[in-house]
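Only one structure is covered here, and it is reproduced in the block below.
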Amino acid sequence: MSDGIELPQGITIGDPRPIAAKSPYTFELPFPEELAALGPGDGVKAVFYEVTGGRKYDGERMWVLIERIEDGFVVGRLDNEPFDMPSIKHGDPLRIPLSHVISCTYADGKPRPAVPERRTYWDRCFVDACVVEGRCHADYIYREEPDMTQEGDKDPDSGWRIRGTDEAIAEDERLGEKAMYIALGKVLNADDRWIHLIDSPIGSAFQWDAERSDYIALK
């Protein structure tokens, strides 16, 4: 039974599910097993938005310390001090949907739930802007010796180079759009038809064949 705790006036919680659906390779939601294992003393993170007054940030990702789980909601208290949200403060009581949780943490000593292995796609690649912006598909892809990784980089160069269609590349040049050096996941969010090739060795090259609706290997 709910005790009526909701959110402070002027605060909303962002629903991450549309973002995850649009960007599945770069925006990861907790597994159902992680949510099911939550209990008192654990923590969840959600995106809070200030909807009244001036603010520096559109939203802030903050932790909530769980007191209990009820009817698909987390009941607890804010476990962060907001940077620029005058309508909410550390320790405020909250009741937020489990569906809006973006991350979980568990009390010291509590066993972590077993979850499926999750592959990440943060290694970098070069890609034409037209592919990332959805103005064409990944037309020609090849993998060369990585040569862009710099000392201190968190994520290395994968060696993948993703080209768009000739027409779209020409439009990029007309618009002054530059090729991007970004995470593979951001490219896959735009076009993942080539994901089955992502583990191909250095030296591989593929061209999209519209008749086959697949890539053909080039020699």
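Table: residues versus (1) over 26 Å from ALA183 (Cα atoms); (2) part of a loop (DSSP other than H, G, I, E, B).
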residue: GLY39; (1), (2): yes, yes
residue: ARG55; (1), (2): yes, yes
residue: ARG61; (1), (2): no, no
residue: ILE66; (1), (2): yes, no
residue: VAL75; (1), (2): yes, no
residue: HIS90; (1), (2): yes, yes
residue: ILE96; (1), (2): yes, no
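Please give the strands (runs of 3 or more DSSP E) falling wholly within the range 160-219 in which 3 or more residues are closer than 17 Å to ASP123 by Cβ.
Answer list for the range 160-219: 180-183.
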*asked:* For GLU167, only one of the following conditions fails: (1) under 23 Å from the mean Cα position of the chain (by Cα); (2) at pLDDT 95 or above; (3) not aromatic (Phe, Trp, Tyr). What is its number?
replied: (1)
*asked:* Of everything in the range 119-155, what is under 15 Å from GLN207 (Cα atoms), assigned to a strand (DSSP E or B) and out of contact with any Ser or Thr (no Cβ under 9 Å at 6 or more places or on another chain)? Give them in sequence order.
replied: VAL127
*asked:* Quick test for you: out of PRO86, PRO111, PRO82, PRO116, pick the one residue that is out of contact with any helix residue (DSSP H, G or I) (no Cβ under 7 Å at 6 or more places or on another chain), assigned to a loop (DSSP other than H, G, I, E, B) and buried (at least 17 other Cβ atoms within 10 Å of the Cβ).
replied: PRO82
*Name every residue in the range 12-37 that is more than 28 Å from GLY109 (Cβ to Cβ), assigned to a loop (DSSP other than H, G, I, E, B) and not hydroxyl-bearing (Ser, Thr, Tyr), in order of residue number.*
GLY14, ASP15, PRO16, PRO24, PHE27
*Restricting to the range 60-77, what's the tally of residues that are surrounded by 15 or more Cβ atoms within 10 Å (Cβ to Cβ) and among the acidic types (Asp, Glu)?*
2
*Unmet requirement for THR52, which otherwise passes all of (1) at pLDDT below 95; (2) crowded, with 17+ Cβ neighbours inside 10 Å; (3) more than 30 Å from VAL132 (Cα to Cα); (4) β-branched (Val, Ile, Thr)*: (2)
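The values are calculated or read from the model by the stated rules, or taken from the named source; none is laboratory data. Model, not experiment: these values are computed from the prediction. Glycine gets a Cβ as well: all are built from the backbone with ideal geometry, and neighbour counts include every protein chain shown.
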